[in-house]
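I am attaching a structure below and will ask some questions about it afterwards.
No value in this document is a laboratory result; all are computed from the given coordinates. Predicted model only: the values in this text are computed from it and were never measured. Note that each Cβ is placed from the backbone with ideal geometry, even for glycine, and that neighbours are counted across all protein chains shown.
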Amino acid sequence: MLVQRLHHVAYRCVDAKQTVEWYKKHLDMDFVLAIAENQVPSTKAPDPHMHIFLDMGGGNILAFFELPGSPPMDRDHNTPNWVQHLAMKVDSVDTLLKTKARLEASGIEVVGPTDHTIFKSIYFFDPSGHRLELAADTGTPKMAKMLDEVKWDMLNEWSQTKRAPEHARWMHDGSMASETTA
């Protein structure tokens, strides 16, 4: 495979310092690098910016750009706000619930936990309006195998009909409830 791993994912932020402090306080991410430049390195366009990097663990880096000379941030109004988000894995449902309580105690509105059968998650927004998801895996090896076996059939059917295929209905009808304890 050509790609070895994700180097970093970058978003825009309203305020770099506020972003670093928020992610440290609420998600325990370490601030690992800051790069400030007056022009874009690739295009040489004049555009002063602060590029910050946060350690998500496991070699994963979350980065942001503060762009004071650009128009105010906005979102894609043709895409529902639940679609574009960054999902990050946590080690357990217990960690997920403790984090939810900590976020809510800080005045951050949290949706969930939502049960996706193979994982549970919570959703909330950062200070720049980015939707974040924390997810704890709950699926079994059998569930993963069942999903792997139907992925191409599901994709091909969706491609033709643009309607949700029924190949993994068990994820939504509760018929695999006993699997979550297996």
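Having 1 or more residues that are without any contact (Cβ under 8 Å) to a residue 24 or more places away in the chain is the bar; report the strands (runs of 3 or more DSSP E) wholly within segment 93-182 that clear it. Spell out how you get there, then give the answer.
Values: elements: 111-115, 119-125, 131-137.
By residue number, 111-115, 119-125.
Yes/no matrix, rows are residues, columns are (1) surrounded by fewer than 17 Cβ atoms within 10 Å (Cβ to Cβ); (2) touching a helix residue (DSSP H, G or I) at 6+ places or on another chain (Cβ under 6 Å):
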| residue | (1), (2) |
| --- | --- |
| I61 | no, no |
| P72 | yes, no |
| W82 | yes, no |
| H116 | yes, no |
| K120 | no, yes |
| E133 | no, no |
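Return the total of residues in segment 27-70 being over 27 Å from L97 (Cβ atoms) and assigned to a loop (DSSP other than H, G, I, E, B).
So the answer is 10.
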